[in-house]
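The values are calculated or read from the model by the stated rules, or taken from the named source; none is laboratory data. A quick note: this is a predicted structure, and the numbers were derived from the prediction, not measured. Note that each Cβ is placed from the backbone with ideal geometry, even for glycine, and that neighbours are counted across all protein chains shown.
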């Protein structure tokens with residue numbers, strides 16, 4: 001099963017980009033992994049937040065198949081320890097789905113259409129992070145989870 005990180009907007013901070021590239025390479029040693037970046041919306045300065053979320057939601061929804069297992073990285077989602085996340089991912093990888101798609105939305109979160117399409121909402125922390133920093137935190141955690149699943153020495157309890 002392929003794992004996708006679907007995100008809105010380029011990663012502009014070099015240190016975040018470098019970290020994401022580092023962990024993406026490590027993840028690919030364990031599994032097929034791809035990052036799909038959709039372009040930011042244009043002319044959003046005077047656009048209402050609800051309209052922004054709706055437009056981003058339409059772009060995200062076009063990238064999702066009915067055969068995907070969709071996990072939103074969302075501050076209101078379920079919080080898991082690394083070990084709990086590794087157990088969950090093992091179960092998901094055994095499902096008859098083509099892809100697991102982790103989604104990072106824009107700065108205001110997701111539209112109701114995207115929330116309704118998701119199979120799971122997952123929080124990386126009760127704290128709020130920029131949607132760009134979430135990319136780095138998530139790729140490190142995904143690498144860590146695979147190291148737990150494979151019994152590699154990266155994670156320490």
Picked from region 38-50 (must be under 18 Å from the mean Cα position of the chain (by Cα) and surrounded by 13 or more Cβ atoms within 10 Å (Cβ to Cβ)), the residue farthest from residue 145 (Cα to Cα) is 40
Say we look at region 19-37 and pick out the residues that are out of contact with any strand residue (DSSP E or B) (no Cβ under 7 Å at 6 or more places or on another chain) and assigned to a loop (DSSP other than H, G, I, E, B); which of these is surrounded by the most Cβ atoms within 10 Å (Cβ to Cβ)?
30
Matching residues, region 99-115, being in contact with a helix residue (DSSP H, G or I) (Cβ under 7 Å, 6 or more places away or on another chain), surrounded by fewer than 19 Cβ atoms within 10 Å (Cβ to Cβ) and either modelled with pLDDT of 95 or more or within 18 Å of residue 140 (Cα to Cα) (or both):
113
Out of (1) closer than 24 Å to residue 49 by Cα; (2) buried (at least 17 other Cβ atoms within 10 Å of the Cβ); (3) in contact with a helix residue (DSSP H, G or I) (Cβ under 8 Å, 6 or more places away or on another chain), the one residue 118 does not meet is (3)
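Okay, residues lined up against (1) at pLDDT below 95; (2) surrounded by 15 or more Cβ atoms within 10 Å (Cβ to Cβ); (3) in contact with a strand residue (DSSP E or B) (Cβ under 9 Å, 6 or more places away or on another chain):
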{"position": "69", "(1), (2), (3)": "no, yes, yes"}
{"position": "94", "(1), (2), (3)": "yes, no, no"}
{"position": "128", "(1), (2), (3)": "yes, no, yes"}
{"position": "133", "(1), (2), (3)": "yes, yes, no"}
Candidates 131, 156 - the one that is closer than 21 Å to residue 22 by Cβ, out of contact with any helix residue (DSSP H, G or I) (no Cβ under 9 Å at 6 or more places or on another chain) and in contact (Cβ under 8 Å) with a residue 12 or more places away in the chain
131
Is there any pair linking a residue in region 4-31 that is under 23 Å from residue 68 (Cα atoms) to one that is at pLDDT 95 or above and assigned to a loop (DSSP other than H, G, I, E, B), with Cβ under 7 Å and at least six apart or on different chains, and which?
6/63
Residue check: is residue 77 surrounded by 15 or more Cβ atoms within 10 Å (Cβ to Cβ) and under 18 Å from residue 20 (Cα atoms)?
no
If you take the residues of region 3-18 that are assigned to a strand (DSSP E or B) and modelled with pLDDT of 95 or more, which of them is farthest from the chain's Cα centre (by Cα)?
3
